[in-house]
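Enquirer: Once you've had a glance at the structure underneath, I'll fire off some questions.
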Amino acid sequence: MSATTLSELREQVRGEVVAPDDVDYEDARRVHNGMIDRRPAVVVRVVNAGDVMATVSYARQGGLDLAIRGGGHSGPGFGTCDGGVVIDFSRMRSVRVDPSAQTARADGGATWGDFNAATHAFGLATTGGIISTTGIAGLTLGGGIGYLSRGYGLSLDNLVSADVVTADGQVLVASEDQNADLFWAIRGGGGNFGVCTSFEYQLHPVEDVYWGPMFYEIAEAENVLRFYRDFIKNAPEEMGAFPAFQIAPPLPFIPEDRHGDMFVAIVACWSGPPEEGEKQFRPFHEVAEVKAELLGRVPYPAINAAFDGLFPKGIRQYWKGNFVKELSDGAIAAHVEHGPKAPTVSSTMHLYPIDGACHRVAPDATAFGHRDANFAMVVVSAWENPSDDDANIQWVRDYSAAMAPYSEAGGYINFMDSDDTNRVQANYGENFARLVETKRKYDPGNLFNVNQNILP
Ligand SMILES: Cc1cc2nc3c(=O)[nH]c(=O)nc-3n(C[C@H](O)[C@H](O)[C@H](O)COP(=O)(O)OP(=O)(O)OC[C@H]3O[C@@H](n4cnc5c(N)ncnc54)[C@H](O)[C@@H]3O)c2cc1C
């Protein structure tokens, strides 16, 4: 049988096929990270599973690279490629909530903004990321860390099932009851095993939360980090809070003469009864004087959009991540040295707690590695001007290297950049061998290789 041609693909798919000569090509080839400048041979804006099946077969038959784009937020730009095929889910974003079962089924291109808006209407939510424009797909398949992780686990711990188009172009349901090995692998294995056209999640009653960032003088950094270490260990699981280094953006809640100054911050979300929020936040006001804050009761979806302005599409980015078991005195000293050097207002270090419900899942129950880590650290730089590339990348590298002695060898795959592919095995720890075995079964030809790749 001869390979499908591009004109045959155009006839087969209901969605849009965008090639280099098409008007939309410039937009279609771009992803969120402005550093990524790749030119795929074709971008298929799929609208149903049939389009995905046809496009997967087209790429496989043509021996072409295949990139999958959910929300397009991958730091290394795995949502696009040079000379290959892109499956772009931006036209498939619907979310259907079943309030009686407290579940939601979402298309592969839904963002957390789409998802949270749909579930909030029913007073429900699940763990998602802290920016509304991030895709549910990539975030969930790699892990899924956010304000609700301590209480409800990772996003992937809330995955009930997924529809997966595998390398042979077939659709499989992956769940505890059907294709359980595939279900195990996609919960942490990223896009290595197939194209997920839809995801079904367990939801939880979360409506309004008590939330806000608190800014402290940078001289308090060591004090604040030591406090945080002790506080979060004993805090109720409804408390999602992370420390950060942050240049003050020009926002009304920060005194104008402090705009542009570097602060150490804690961003906290209390998802228990909102009326208890003020009491739960009291310790944050006792550790040191809070110089600026924006606290109050807000609908859950609002907090997941609060920092969107710092990460507009097209901003240049560079990422590194480590898993951390303990925030030792040595680690705190390294944070205090490197954190305050963050070069731009959109550059930061966040130390997300992943204890509580994340620890109640057995280490081998899903492919996600390092269930014994207490924190996932991300150091990310984001900037506008290409002439600032070197300085921003260097800051992330220096900071991450300084943290290495206090971190696990592996980190969270969703915080890795393109020069981290040598860390794939370490990222998964004990689960790596089983991932390779499952890759050999479902994708022996490594069609799905535009990712933190697990070689078959
Ligand atoms: C501004 C910003 C904020 C972030 N905040 C958080 C956060 O709070 N918590 C957190 O855990 N992470 C966060 N991340 C990291 C995020 O989890 C990863 O970037 C993730 O890969 C993004 O998913 P996506 O669908 O948007 O990305 P994409 O670039 O579309 O895809 C990323 C990877 O997932 C795969 N993939 C995408 N869609 C599918 C699909 N339908 N089927 C199969 N594979 C697919 C692709 O192969 C690719 O390798 C953030 C990233 C950014 C840029």
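The values are calculated or read from the model by the stated rules, or taken from the named source; none is laboratory data. What you see is a predicted model; the values in this text were computed from it and never measured. Here Cβ is always computed from backbone atoms with ideal geometry, including for glycine, and neighbour counts include all displayed protein chains. Protein only, heavy atoms only, side chains kept; ligands, DNA and RNA dropped before computing areas. Shrake-Rupley method; radii C 1.70, N 1.55, O 1.52, S 1.80 Å.
Enquirer: Among the listed residues ARG10, ARG38, ARG14, identify the single one that is touching a strand residue (DSSP E or B) at 6+ places or on another chain (Cβ under 9 Å), over 30 Å from SER346 (Cβ atoms) and open to solvent by 40 Å² or more (accessible area, probe 1.4 Å).
Expert: ARG10
Enquirer: Within the range 399-427, can you find the residues that are open to solvent by 70 Å² or more (accessible area, probe 1.4 Å) and either touching a Cys at 6+ places or on another chain (Cβ under 7 Å) or part of a helix (DSSP H, G or I) (or both)?
Expert: Passing the criteria: PRO405, TYR406, THR421, ASN422, GLN425.
Enquirer: Go through the range 291-319 residue by residue and tally those that are at pLDDT below 95 and at positive phi.
Expert: Residues meeting the conditions: 0.
Enquirer: When GLN394 is evaluated against the numbered criteria (1) more than 16 Å from the ligand (Cβ to nearest atom); (2) touching a helix residue (DSSP H, G or I) at 6+ places or on another chain (Cβ under 9 Å), which criterion, by number, is the only one it fails?
Expert: Result: GLN394 fails condition (2) only.
Enquirer: Of the residues in the range 340-356, how many are touching a residue at least 40 places away in the same chain (Cβ under 8 Å) and within 13 Å of the ligand (Cβ to nearest atom)?
Expert: Residues that pass the stated criteria total 7.
Enquirer: Output the residues belonging to the range 76-86 that are more than 6 Å from the ligand (Cβ to nearest atom) and either without any contact (Cβ under 8 Å) to a residue 12 or more places away in the chain or not in a strand (DSSP E or B) (or both).
Expert: PRO76, GLY77, THR80, CYS81, ASP82, GLY83, GLY84, listed by residue number.
Enquirer: Residue under question is ALA59, and the condition is that it be surrounded by 20 or more Cβ atoms within 10 Å (Cβ to Cβ) and assigned to a helix (DSSP H, G or I); does it hold?
Expert: Here the answer is yes, as ALA59 does meet what is asked.
Enquirer: Search the range 82-93 for residues being open to solvent by 10 Å² or more (accessible area, probe 1.4 Å) and touching a strand residue (DSSP E or B) at 6+ places or on another chain (Cβ under 9 Å), and hand back the single one that is farthest from LEU9 (Cα to Cα).
Expert: ARG93
Enquirer: Has the range 224-242 got at least one residue that is of a type in the set (Ser, Thr, Tyr), away from the ligand (no atom under 14 Å from the Cβ) and either surrounded by 19 or more Cβ atoms within 10 Å (Cβ to Cβ) or touching a residue at least 60 places away in the same chain (Cβ under 8 Å) (or both)?
Expert: Scanning the range 224-242 turns up at least one residue that is of a type in the set (Ser, Thr, Tyr), away from the ligand (no atom under 14 Å from the Cβ) and either surrounded by 19 or more Cβ atoms within 10 Å (Cβ to Cβ) or touching a residue at least 60 places away in the same chain (Cβ under 8 Å) (or both).
Enquirer: Now a separate question. From the list ASN385, ASN322, which one is touching a strand residue (DSSP E or B) at 6+ places or on another chain (Cβ under 7 Å), away from the ligand (no atom under 13 Å from the Cβ) and either on the phi < 0 side of the Ramachandran plot or of a type in the set (Gly, Ala, Ser) (or both)?
Expert: None of the other options fit; the residue is ASN322.
Enquirer: Hey, among the residues in the range 87-105 that are outside any loop (DSSP other than H, G, I, E, B) and over 21 Å from GLY72 (Cβ atoms), which one's nearest to the ligand (Cβ to nearest atom)?
Expert: Going through the qualifying residues, I end up with ARG105.
Enquirer: Another question, then. Could you check, for the range 161-184, whether at least one of its residues is under 30 Å from MET262 (Cα atoms), away from the ligand (no atom under 12 Å from the Cβ), open to solvent by less than 10 Å² (accessible area, probe 1.4 Å) and touching a residue at least 24 places away in the same chain (Cβ under 8 Å)?
Expert: Within the range 161-184, none of the residues are under 30 Å from MET262 (Cα atoms), away from the ligand (no atom under 12 Å from the Cβ), open to solvent by less than 10 Å² (accessible area, probe 1.4 Å) and touching a residue at least 24 places away in the same chain (Cβ under 8 Å).
Enquirer: Only one of PRO343, PRO363 is assigned to a loop (DSSP other than H, G, I, E, B), of a type outside the set (D, E, K, R) and closer than 20 Å to GLU220 by Cα; which?
Expert: So the residue among PRO343, PRO363 that is assigned to a loop (DSSP other than H, G, I, E, B), of a type outside the set (D, E, K, R) and closer than 20 Å to GLU220 by Cα is PRO343.
Enquirer: Now for a different question. Can you give me the ranges of the helices (runs of 4 or more DSSP H) entirely in the range 165-284 with at least 1 residues that are over 28 Å from ASN427 (Cα atoms)?
Expert: 221-234, 277-280
Enquirer: In this structure, is GLU326 in contact with a Lys or Arg (Cβ under 9 Å, 6 or more places away or on another chain) and open to solvent by 40 Å² or more (accessible area, probe 1.4 Å)?
Expert: Yes; evaluated as a whole, the condition is true for this residue.
Enquirer: Residues of the range 403-417 being closer than 20 Å to GLU326 by Cα and either of a type in the set (Ser, Thr, Tyr) or more than 9 Å from the ligand (Cβ to nearest atom) (or both), which ones?
Expert: Across the range 403-417, the qualifying residues are MET403, ALA404, PRO405, TYR406, SER407, GLU408, ALA409, GLY410, GLY411, TYR412.
Enquirer: Within the range 20-41, how many residues are part of a loop (DSSP other than H, G, I, E, B) and without any contact (Cβ under 8 Å) to a residue 24 or more places away in the chain?
Expert: Count: 6.
Enquirer: Condition (residue is in contact (Cβ under 8 Å) with a residue 24 or more places away in the chain and touching a Ser or Thr at 6+ places or on another chain (Cβ under 7 Å)) applied to the range 249-258: is it met by at least one residue?
Expert: No; the residues of the range 249-258 include none that is in contact (Cβ under 8 Å) with a residue 24 or more places away in the chain and touching a Ser or Thr at 6+ places or on another chain (Cβ under 7 Å).
Enquirer: Among the residues of the range 115-160, count how many are more than 9 Å from the ligand (Cβ to nearest atom) and outside any loop (DSSP other than H, G, I, E, B).
Expert: Matching residues across the range 115-160 total 16.
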